[in-house]
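In what follows, a structure is listed as C-alpha cells, so that the remarks can point back to it.
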Amino acid sequence: MAATFKLKIEGFPENISDVRKFNDTTRKIFRDSMQRTLITVQQSVDKKTPVGASGDLRGGTKSFVTGYSALLYNKQKYARAIEYGRDPGIGAPYDALEDWVKSSDKGRKIWAHFNDQLAAKHGATTVKQKKQKSNKYTALQIAKIMAKRIKDRGIKAQHFFRDGVSEAWPKVETDIKDMHTQISKEIMA
C-alpha cells in the first residue's frame with residue numbers, strides 16, 4: 001500500500017458567523033484562494049523533494065481543493081520512508097533500488113565503486129586492469145547490498161514535506177488572511 005501524507009488546510013466558514021451567507025462569489029473567492037495557496041505550498045515542497053532516479057517522488061506531490069478544505073499529498077510508496085527516515089531493521093525493496101542504481105548518477109557511482117573494490121580485490125592496479133575485472137556486480141546485487149545496509153543502518157529522515165510547508169507558511173498565512181478579508185467584505189456588502 002502506498003504511503004500518503006496529507007496537509008489539510010481548513011477553510012474559514014467556521015470563522016464567519018453565518019455560513020449561509022456564502023454565495024457563488026464567496027465560494028469562488030475561497031476556491032481560488034485555496035488553489036493559489038496549494039500551488040504555493042506544492043512549489044515549496046517540490047523544491048525540497050529529492051529527485052531520485054525516476055523523479056517519481058518529486059512528481060508524486062498532488063493537491064486538490066474539496067469543499068472547504070485543501071489537500072496536499074504524496075502517494076509514492078517510499079515517500080514516508082524518505083520524509084521520516086527508517087529505523088534499522090527494515091530493508092528497502094530491491095526493485096526500486098535496482099532502478100535507482102541503474103538510472104541515477106549517484107547509483108552508478110556506487111556501482112562503479114563496488115566494482116572497483118572487487119577488481120582491486122582481484123589484484124587490479126591499473127585503470128585498464130580495473131576495467132577488465134570490473135562490472136562483476138550486477139545492479140541487482142548492488143541493490144541487495146544497499147538494502148542490507150538500509151536494514152542494518154536505517155535511512156536518515158529528509159523532511160522535504162515538513163520543510164517545504166514551513167518555508168511556504170508565511171505566504172500561506174498572508175493568502176488566507178487576504179481571502180478572509182475578501183470574503184468578509186463580500187458577505188457584508
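State which residue is farthest from D46 (Cα to Cα) when the search covers only region 168-185 and only residues that are buried (at least 17 other Cβ atoms within 10 Å of the Cβ) and out of contact with any strand residue (DSSP E or B) (no Cβ under 9 Å at 6 or more places or on another chain). Only one residue fits best here, namely I183. Note on region 43-86: residues that are touching a Gly at 6+ places or on another chain (Cβ under 8 Å) and not aliphatic (A, V, I, L, M) total 14. For beta carbons closer than 6 Å, sequence separation of 6+ or different chains, a first residue in region 139-158 that is under 23 Å from K48 (Cβ atoms) and a second that is in a helix (DSSP H, G or I), the qualifying pairs are I155/A81; A157/Y84; Q158/I82.
No lab work stands behind these numbers, since they all come straight from the coordinates. Keep in mind that this is a model prediction, so the values were computed, not measured. In this analysis, Cβ positions are derived from the backbone assuming ideal geometry, glycine residues included, and neighbour counts consider all displayed protein chains.
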